[in-house]
Every structure is written in structure tokens, then in C-alpha cells.
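Since the structure comes first, as C-alpha cells, the remarks are kept for the end.
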Amino acid sequence: MFGFIPYTPLFNVTGQPAMSMPLYWNADGLPIGTQFVGRFGDEATLFRIAGQVERAQPWAHRIPPGQAM
């Protein structure tokens, strides 16, 4: 699995808060996630970052081609 997801398991095991946000889309319109990691026990910072980024660059309306809502 580490060949496909080399970074996320580290944070799952250590208990550090982490999140992935779709900040880029490839030529086919599929989202590319960017991972953010917080200090241990500091999920609140990640929630604040997520809110600020989503307000600045909304993505809820973006649906990959061929996907129905």
C-alpha cells in the first residue's frame, strides 16, 4: 500500500490530525488532494484552514465527469 499512499498511514498510526483537500484538478476533471497535517491534538487549526480555503476556492460544485449528483 505504501506505493500508492506513502504518507497518510504515518499520520493514522501516530494520531496526528491530517486532512486532504481537493485543491487541483487534472485534465480529466478529477480532483487531486493536497494533504495538511496538524500538531497532535490540534484538529481545530485544520478545520479553520479547511474553512478558509473552501471559502476562497469553493469546490462543492465540481463533479468529476460521468458522476451524477
>> Give me the residue from region 1-46 that is part of a loop (DSSP other than H, G, I, E, B) and aromatic (Phe, Trp, Tyr) and, out of that set, modelled with the highest pLDDT.
In response: 40
> Residue check: is residue 31 more than 18 Å from residue 8 (Cβ to Cβ) and either surrounded by 11 or more Cβ atoms within 10 Å (Cβ to Cβ) or in contact with a strand residue (DSSP E or B) (Cβ under 9 Å, 6 or more places away or on another chain) (or both)?
Replying inline: no
>> Can you find a residue that is outside any loop (DSSP other than H, G, I, E, B), surrounded by 12 or more Cβ atoms within 10 Å (Cβ to Cβ) and not polar (S, T, N, Q) anywhere in region 57-66?
In response: no
> Take the residues of region 35-49 that are free of Cβ contacts under 8 Å to residues at least 24 places away in the same chain and among the aromatic types (Phe, Trp, Tyr): which is nearest to residue 24 (Cα to Cα)?
Replying inline: 36
>> If a residue must be among the hydrophobic types (A, V, I, L, M, F, W, C) and under 12 Å from residue 14 (Cα atoms), how many such residues does region 37-52 contain?
In response: 2
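The values are calculated or read from the model by the stated rules, or taken from the named source; none is laboratory data. What you see is a predicted model, and the numbers here were worked out from it, not measured in a lab. When we count neighbours, we look across all protein chains shown, and the Cβ atoms used for this are built from the backbone with ideal geometry, even at glycine.
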